[in-house]
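Let me begin by presenting the structure, written as C-alpha cells, before commenting on it.
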Amino acid sequence: MSLSRRLAAEALGTGLLVCTVVGSGIMAERLSTDTGLVLFQNAFATAGALLALILAFGGVSGAHLNPAVTLTQLALGSIDRLTAAWYVAAQVVGAVVGAMAANIMFELDAINWSTRERSSIALLISEVIATIGLLLVIHGGLRARAEAVPVLVGLYITAAYWFTASTSFANPAVAIARSLSDTFSGIRPGDLPGFIAAQLAGAILATALARWLFAPDER
C-alpha cells in the first residue's frame, strides 16, 4: 500500500477509536448514574470498535492506531524512522479530530478541555503496566497466530479497563485526544505529560521483554 493510504488508515482508525471511547463515555454517563455500569458500557464499546477497526485497517497499515505500537515496531525493526514519524503524526491528528467529532455529536463544544484529574502515582504505574501488557499481547499474538490479534487486543483492553486504576489508556494519541473532552473519559491537560511518559516507559520495557521473550532459541 502507498504511504498516503497507510497514513489515511491510521488517521481514520485512530479517529474512529477515539470517537468510540469519548462518545460511548458520554452516552453511558447520560444513560446511567451508576459508575460501574458506565465503565462497563465504555469498555464494551471500545473493545468492539478495536476489534472492528483492526480487522478493517490491518491489511492497509497494520492498524497500529497507537504511537506506542508504532514506536515498538520501529525499535524491533518492522518499520523505518520516517514512516514511523508519519504514522505517529497521523494517529495524533486522527485522535484529536475523533474527540472533536464525538463532542459535536453530543452537542458539546468541539474542544471542551477536561477537568478530570488523573495524577496519582497509582495511575501512572497502571499506565506502565497496561501498555506493557497490550504490547506483549500484540507481539505474542503476531508470533503465535497473527489472525487472532484483533480479538486478543479487544479482550485485553476490555480486561484492562477493569484491572488498572487508570482504566488503561495505554495510547499517547488517545490520551491527548481525551484531554479535549470534559466527560467521563477525559483527562486534565496538565496530567498528560505523566500519562504519556508512563506509556512510553511501558513501551520501552515491553520492547525489551519482546526481544527476549519472543526471540528464537539459539541452538
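The values are calculated or read from the model by the stated rules, or taken from the named source; none is laboratory data. All of these numbers come straight from a predicted model, not from anything done at the bench. A quick note on method: Cβ atoms are made from the backbone with ideal geometry, for glycine too, and the neighbour counts reach across all protein chains shown. Just the protein is used for accessible areas: all its heavy atoms, side chains included, with ligands, DNA and RNA removed. Shrake-Rupley method; radii C 1.70, N 1.55, O 1.52, S 1.80 Å.
Take the alpha carbon gyration tensor of segment 52-103, find the square roots of its eigenvalues, order them as a ≥ b ≥ c, and report rounded if a/c is under 1.5; if not, report prolate when a/b exceeds b/c, else oblate.
The shape class here is oblate.
³J(HN,Hα) across segment 29-37 via Karplus (A = 6.51, B = -1.76, C = 1.60, θ = phi - 60°), whole Hz, x for Gly/Pro?
5, 6, 8, 8, 9, 7, 4, x, 5
Listed highest first by mean packing, meaning other Cβ atoms within 10 Å per residue, what order do 58-65, 150-157, 101-108 come in?
58-65, 150-157, 101-108
Taking only DSSP H segments of four or more residues, each worth -39500 (n - 2.57), what value at 222 nm results for the chain once the sum is divided by all its residues, to the nearest 500 deg cm²/dmol?
Mean residue ellipticity at 222 nm (helix-derived): -25000 deg cm²/dmol.
How large is Rg over Rh for segment 91-202, taking Rg from the Cα atoms and Rh as the Kirkwood inverse mean of 1/r across Cα pairs?
Using only Cα positions, Rg/Rh for segment 91-202 is 1.00.
Which angle between 0 and 90 degrees, to the nearest 10, do you get for helix 121-145 versus the longest principal axis of the chain when only C-alpha atoms count?
Roughly 50 degrees between the two axes.
Check each of the trypsin sites (Lys or Arg not before Pro) in segment 113-186 and keep only those in coil by DSSP with at most 16 other C-beta atoms within 10 angstrom; list them in order.
The qualifying sites are R116.
Let me spell out the model: positive unit charges on the Cβ of Lys and Arg, negative unit charges on the Cβ of Asp and Glu, origin at the Cα centre of segment 1-95. What dipole size does that give, in debye rounded to 20?
That gives segment 1-95 a dipole magnitude of about 220 debye.
Using a 1.4 Å probe on the protein heavy atoms, what percent of the accessible area of segment 92-198 belongs to carbon and sulfur?
C and S atoms contribute 68 percent here.
May I ask for log10 I(q)/I(0) of segment 127-188 at q = 0.19, 0.21, 0.27 Å⁻¹, from a Debye sum over the Cα atoms as equal point scatterers with solvent left out?
Evaluating at q = 0.19, 0.21, 0.27 Å⁻¹ gives log10 I(q)/I(0) of -0.72, -0.84, -1.11.
Pull out the extension gain between L213 and T35, defined as 0.36 nm times the separation in residues minus the alpha carbon to alpha carbon distance; nm, one decimal.
60.3 nm
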